[in-house]
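Beneath this line is the structure, given in structure tokens, with notes to follow.
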Amino acid sequence: MARQQDEDITRCSICGQEPVGSDFPRRVCPRCDALALNDAARPARAAGDAGSGDNPVSIDGKQCWRMYGSGGWVTMLDDANCRDLYEFCKRNELPLTE
Ligand SMILES: [Zn+2]
């Protein structure tokens, strides 16, 4: 049985363990994000300033999208198999970063 206070915590969409922020839908925790692969099955990378990088990425065989911005990125699980970041953002009502 989940305790009452646990219900307010959003957990990672991949491992279901690590608490993540609820400001983005289906966020992925940094630990799972570190396992992300790009479409060449190589570790996903971001540009030096993290303003851009690989997309989509695959974590545990699941498609995820990253929103890159200055200083970092947010990784989110895609539950709808979107074709591109534009479709993913539109579907999840997220602002496009580009
Ligand atoms: Zn996780």
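The values are calculated or read from the model by the stated rules, or taken from the named source; none is laboratory data. Everything numeric in this text was worked out from a predicted model, so none of it was measured. Using ideal geometry, Cβ is built from the backbone for each residue, glycine included, and neighbour counts are taken over all protein chains shown.
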| request: Tell me which of these P95 doesn't satisfy, since it passes every other one: (1) at pLDDT below 95; (2) over 15 Å from P25 (Cβ atoms); (3) not charged (D, E, K, R). | output: (2)
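Of the residues G61, G72, only one is surrounded by fewer than 19 Cβ atoms within 10 Å (Cβ to Cβ), farther than 15 Å from C12 by Cβ and either touching a Leu at 6+ places or on another chain (Cβ under 7 Å) or modelled with pLDDT under 95 (or both); which?
Numbers: G61 fails: either touching a Leu at 6+ places or on another chain (Cβ under 7 Å) or modelled with pLDDT under 95 (or both).
Among G61, G72, only G72 is surrounded by fewer than 19 Cβ atoms within 10 Å (Cβ to Cβ), farther than 15 Å from C12 by Cβ and either touching a Leu at 6+ places or on another chain (Cβ under 7 Å) or modelled with pLDDT under 95 (or both).
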| task | Answer with yes or no whether R31 is within 14 Å of the ligand (Cβ to nearest atom), among the charged types (D, E, K, R) and exposed (fewer than 15 other Cβ atoms within 10 Å of the Cβ). | result | yes
| Is it true that some residue in region 11-18 is more than 11 Å from the ligand (Cβ to nearest atom) and out of contact with any Ser or Thr (no Cβ under 6 Å at 6 or more places or on another chain)? | no
| said: Checking S52 against (1) in contact with a strand residue (DSSP E or B) (Cβ under 8 Å, 6 or more places away or on another chain); (2) at pLDDT 95 or above: exactly one of these is not met. Which one? | reply: (2)
